[in-house]
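Structure, as structure tokens:
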Amino acid sequence: MVRQAHHERDYILNLGMRMQADVTVIGSGPAGLVAAIEASRSGAKDVILLEREEELGGILKQCIHNGFGLEQFKKDYTGPEYAERLIDEIRKTEVRCFLNTMVTGVSANRTVTAVNSEDGVFQVEAKSVVLAMGCRERARGSINIPGTRPAGVLTAGTAQRLVNIEGFLPGKEVVILGSGDIGLIMARRLTLEGARVRGVYEIMNYPGGLKRNIVQCLNDFNIPLYLSHTVTEIQGRERVEGVVVSQVDEKMQPIQGSEKFLQCDTLLLSVGLIPENELSKGAGVELSRATNGPVTAETMETSVPGIFSCGNVSTVFDLVDYVAQTGMSAGRNAARFVAGDWKENGGSVEVLAGENVRVVFPQRYCFRDELTLYVRPAKPIEKPVTLSIAPIEMNIKRLYARPNEMIRLKVDRKKLEKVTEPIQVSIKER
Amino acid sequence: MDNEKLAQTIQGEIVQATGEKVAVSVRDGIAELTGQAGSLQNAVDAGHIAAGLEQVRQVVNDVDYPGKMPVVLPPKISDELTGKEFDVVIVGGGVIGLAITRELSRFDLRIALIERHHDLGMDQTAHCNAMIHPALLTERGTLKWEMNYKGNAMWDEVAGQLDVDFKRIGTLVVAENSDEELFLPGVVDLAKSQNDPEPKVLDRAGLDRIEPGLAPNIKKGVLVWNTGVIGVFELIIAYAENALINGVKFFLNTSATGVQVEDGSIRAVETTRGTIKTRILVNAAGLYSDKIAELAGDRFFSLHPRKGETIIFDKSYQPVRTVLATFSMVGERSAYSKGGGIIPTVDGNLQFGPTAEEVFDRGDVATTSVARETLFSRFAPSLQRAKPHYTKPDRGTIITQFAGCRAATYKEDFIIEPSKKVRGLVHVAGIQSPGLAAAPAVAERAKEIIVEDRHPAENMKFEPRRVRSKHFSELDQRERMELIRSNPLYGHIVCRCEHVSEGEIVTALHGGIAAYSVDAIKRRTRAGAGRCQGGFCMPRVLDIISRESNIDKQLATKNGGKSFILRGKVKQVKK
């Protein structure tokens, strides 16, 4: 079990509920764990990690499938194994972890207010803050499915928790709306547990999740995937009794006459993830409309000096390796910031999404660190494409571009030295 | 006109309007319609036509039509309540039944309330817009109108004593051009004629104070200041908790299935959990009040459920402070409803609604995409025009949509009267919008009827006040600290979106009206009412329900009945 900062408690309760730190990390999913470890390793003295749940690891705890840490550790871990590996590492550092501790506010001057049962309400004044709150799932309300409101409508992630952590089945006859990765993984998981998954229905004309999950979670189990389909009605008074699915046209509007009733007791939603930035807003951090996360520099610094963000709170990544990499950068740079190693330099340039690019991350380049770009294509192009970065004339050839596969590329720092105008990433058919 | 002639007139009018030939008989001012109609709408129209005649006091509409759904009584569950005896039993735990418990507990009476759902206020009350209407749009001379203007004026005291959020935000009628400005004195006259307190005529400076950011072409408006909004879920609990303090007994999950009448007087009410003796029965059964009247052998009106749907926008989108009305919106009112509107909730969320549609099923709470689109296209342009500088309404900001049915009589008026056939039976029926605004006055009228008949002694120990339980999110840091020191469970935040602590959930579970479902917890604490809609906290709330009420997690429900959330365990390893 991770050590709690007991000696700090009397101090908090008796002396004004305030403590100081070099770096405060909010959230202990993969991004937060890696950031805290890296900040500590990079020389930050007091690193405090605040976690609202009773254990470290965030969503990794319920991701019992494999595929974690392939790049970072050259191992194929399950989520809990991967988390355990990071927890083992954090134990070797001086990072102090507060569990069952909910952060209720972050201010622009880097004061974090938190609450738990033992210490009550307390504040941590830090020289630097790392936001690593992750993301939440889009729920029924935000996609407005008409019909009744029975039991049996839940998000794929909630179902994942019920099955993998608590050992309960949320349903026996399941329809899945949306082909996000968690939905695909739950299609397989529920099938293995004896439920009948009637199909995955995706409103877009391409899948939302990774190719490997389509193959391993659906195809291998003969679960059909219906593209350009959506659920247009939920029926059932107390428990879901069925849903109506409809085909949609190119404007994503249901096509009259295509309605089909499917009997089921459960509707799982896997319709997207939204970075969880309520705390960031409170701190005055500028958010990007494209990502719903903070506008971030290559150092992972947000628009507020000394506040960094990493992982899915910044933008929703496909792979834990990407999340970990941003966590590493945020932790290292938070420590640099604390050490005063943050000399003013040549300002910054914007990084923009150009043609056929929905998201490019980070959104700013400040000439302080290596630039690793994460690019999400706007639409599927099943032909050879060129990904080009202006104005440095970097062109990368790829066989295709797909929104469900984020492209990561490192940009040579030397090439960027003389850049004065915005960096723009675009994808063109060859 | 004698009864036969009247019946013929009604029949003729129905044939003319709908083409339906239905049989009509009239006795004691009650028109009874039987026969067959081709559609629900025609059958409802027939009822309205009969009710349109002045000599017709009420309409019993038994006209059959394709798809008609009879009210089916639920089966008996137990006999646990048999042997219990009260002076008054109130059937129905909506806001009306609850308000009546409060008024009657001012007297030395043994009072019980039975409610068919697992929680209170689950039908009309939970599905209303939480608005305290002015009497402006209610037809003068009706009982509905009288209850509306009297009830509206009573809310400051009731909400204050019950510790419920209540704000008089006002209805703002704005003129978008100089032609419309000419109508403003008419609005003032209308409000005055409806007994609303004299409204304020505002110039631009006045408008800016009340509703900043209006379009430059809006130069004048009228503020009907007595329009209010209220925290309706808190209100339900507040009424119930206050009633508990004053000795009222509540029986949830209990449906009335029969009424025993002896020598023309109420003797007992039969329920799914046994027979309760009583001398006074208050029929506050909302959407089923005609059924209760029938069970008591006093069938003199029929209800026809009229569904209303409302869309709600995210908390982050709060474009209006008042109930905002333009003249173009007023023009779109339908025959039997006030037409819905642009209405903020007490928490600031924007609502568009409700719609009005006659439906087959009184329990119809299903939302439709048609209604969503209707509401959006009816109100979004008006709002955008009135507040052009504010972010324009966007379908993507809609966070939820809800629906519920109004308990409409064919007279479209309230019924608050002692039974003409059965002594001790009091009907408080046909209460629909603006029933919430009217509730305190309706309850007072019901009380007067009972007091006049029975002359009960006053309850010297009546406690008018109730204090709400503490909500972590509403406290300042020091109060939070003190609360956590007194009970560490308040330091454990379960719902991250609304900052609801475990302490609040445990308190709700052990409250007077114990909430044993995830939605009941949501209504009491807001856990699960935020951005993620319970995605994060629902499994944790399930844990707490299971632990605190000592039931297997698999028996915990989303919203009572058989709405079980879990469907079994995962595969187990054989030992």
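Here are a few things to note about the model shown:
- Cut-off 11 Å between beta-carbons: net charge of the residues surrounding A:T291, Lys and Arg +1, Asp and Glu -1: +3
- Net charge dipole size for chain B [Lys, Arg +1 and Asp, Glu -1 on Cβ; Debye, nearest 20]: 2140 debye
- FRET efficiency estimate (nearest 0.05) - Cβ-Cβ, A:Q253 to A:R85, R0 51 angstrom: 0.60
- Tilt relative to chain A, helix A:79-91 - C-alpha long axis, 0 to 90 degrees, to 10: 10 degrees
- Rg/Rh (Cα only; Kirkwood hydrodynamic radius) as it applies to region A:306-430: 0.98
- Kyte-Doolittle mean at least 1.6 and Cα axial length at least 30 Å: DSSP H helices in chain B: none
- Accessible-area ranking of B:T400, A:T299, largest first, probe 1.4 Å: B:T400, A:T299
- Extent along the principal axes, Cα only, for region A:32-138: 39, 36, 26 Å, with the longest axis given first.
- For q = 0.10, 0.12 Å⁻¹, Debye-computed log10 I/I(0) when each Cα of chain B counts as one equal scatterer: -0.92, -1.30
- Those Cys residues of chain B for which no other cysteine Cβ falls under 4.7 Å: B:C128, B:C405, B:C497, B:C532
- In a DSSP loop and with at most 14 other Cβ atoms within 10 Å, the GluC sites (Glu not before Pro) in region B:36-143 are B:E54, B:E80, B:E139.
- Once backbone amide H atoms are built at 1.01 Å from N, A:C264 has A:G242, A:V243 as its partners under 5 Å, excluding neighbours fewer than 5 places away on the same chain.
- Phi angles across region A:230-242 convert, under the Karplus curve 6.51 cos²θ - 1.76 cosθ + 1.60 with θ = phi - 60°, into 3J(HN,Hα) values of 8, 8, 10, 7, 10, 10, x, 7, 9, 10, 4, 10, x Hz, Gly and Pro given as x.
- With the simple model of a label 7 Å out from the Cα in the direction of the Cβ, B:T391 to A:K75 spans 4.4 nm.
- Backbone amide hydrogens, once placed in the peptide plane, bring B:K569 within less than 5 Å of A:L169, excluding anything fewer than 5 places away on its chain.
- Within the protein assembly as shown, helix-based [θ] at 222 nm, where runs of 4 or more DSSP H residues each add -39,500 (n - 2.57), nearest 500: -8000 deg cm²/dmol
- Whole-Hz ³J(HN,Hα) from phi, Karplus 6.51 cos²θ - 1.76 cosθ + 1.60, for region A:133-145, glycine and proline x: 7, x, 9, 10, 8, 5, 10, 4, x, 6, 10, 6, 7
- All C-alpha to C-alpha distances of chain A, sorted into 20 Å bins beginning at zero, yield P(r) values of 25, 54, 21, 0 percent in whole numbers.
- Cβ-based charge dipole, region A:345-430, positive-most Cα from A:N356, A:T420, A:F367: A:N356
- Region B:91-150, Cα convex hull volume normalised per residue, Å³: 111 Å³
- Taking amide H as placed 1.01 Å from N in the peptide plane, the amide H of B:F107 sits under 5 Å from that of B:N459, each at least 5 places away or on another chain.
- Summing charges over all other residues whose Cβ lies under 14 Å from the Cβ of B:V91, with Lys and Arg as +1 and Asp and Glu as -1, gives -2.
- Each label was represented as a point 7 Å from its Cα along the Cα-to-Cβ direction; for A:E370 and A:L287 these points are 3.1 nm apart.
- The string of couplings for region A:66-75 from the Karplus curve (6.51, -1.76, 1.60, θ = phi - 60°) is 9, x, 9, x, 4, 8, 5, 10, 6, 10 Hz, one whole number per residue in order, with x for Gly and Pro.
- Distance between modelled label sites at B:S549 and B:D476, nm, 7 Å Cα→Cβ extension: 3.7 nm
- The value obtained for region A:139-271, namely the Cα convex hull volume divided by the number of residues, is 94 Å³ per residue.
- Each pair of Cα atoms in the protein assembly as shown enters the Kirkwood radius, and Stokes-Einstein at 25 °C and 0.890 mPa s then converts it into a translational diffusion coefficient of 79 µm²/s.
- Cβ-derived FRET efficiency at R0 51 Å, B:R468 paired with A:K428, nearest 0.05: 0.25
- Per DSSP, loop trypsin sites (Lys or Arg not before Pro) in region A:368-428 with at most 16 further Cβ within 10 Å: A:K418
The values are calculated or read from the model by the stated rules, or taken from the named source; none is laboratory data. Please read these numbers as outputs of a predicted model, since none were measured by experiment. When we count neighbours, we look across all protein chains shown, and the Cβ atoms used for this are built from the backbone with ideal geometry, even at glycine. Heavy atoms of the whole protein, side chains included, go into the accessibility calculation; ligands, DNA and RNA do not. Shrake-Rupley method; radii C 1.70, N 1.55, O 1.52, S 1.80 Å.
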